[in-house]
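The values are calculated or read from the model by the stated rules, or taken from the named source; none is laboratory data. Note that the structure is a prediction, hence the values are computed from the model and not measured. Here Cβ is always computed from backbone atoms with ideal geometry, including for glycine, and neighbour counts include all displayed protein chains.
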Amino acid sequence: MVTVTVPKDTATSGSGFSFPLPAQLVQAASGAAGASVIVTTLAGDPLPAWLQFVPESNTFVASAVPDGAFPIQVVVIIGNQRTVVVISERGE
């Protein structure tokens, strides 16, 4: 499991953010020749409309984050490796 935190009040302000795929997962992707990166919800469904994964840059991009969206757990699949990434707001 990997945890990513975003600035406090990101969801309540309805603003967006972006962050790169965590470094340990980028290393796994580069080590798995030809393996694509697939990102889904825990249930295997597509990400919510406000959250996208851009495979060309290995970046998550969020826009118009709804109130109460965090924490959210997504599954990053690289080859045979599945990693849960928890995206939450900083508590400060």
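Figures for the structure shown
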{"item": "Subset of segment 62-82 [under 12 Å from MET1 (Cβ atoms) and touching a helix residue (DSSP H, G or I) at 6+ places or on another chain (Cβ under 6 Å)]", "result": "VAL76"}
{"item": "Residue in segment 38-59 that is within 20 Å of VAL84 (Cβ to Cβ), assigned to a loop (DSSP other than H, G, I, E, B) and modelled with pLDDT under 80 present", "result": "no"}
{"item": "Identity of the residue in segment 38-87, hydroxyl-bearing (Ser, Thr, Tyr) and surrounded by 15 or more Cβ atoms within 10 Å (Cβ to Cβ), that ends up farthest from SER18 (Cα to Cα)", "result": "THR83"}
{"item": "Long-range neighbours under 9 Å by Cβ, at least six apart or interchain, first residue at positive phi within segment 66-78, second not aromatic (Phe, Trp, Tyr)", "result": "GLY68/ALA11; GLY68/THR12"}
{"item": "Qualifying residue in segment 53-61 (condition: touching a residue at least 40 places away in the same chain (Cβ under 8 Å), of a type in the set (A, V, I, L, M) and out of contact with any His (no Cβ under 6 Å at 6 or more places or on another chain))", "result": "yes"}
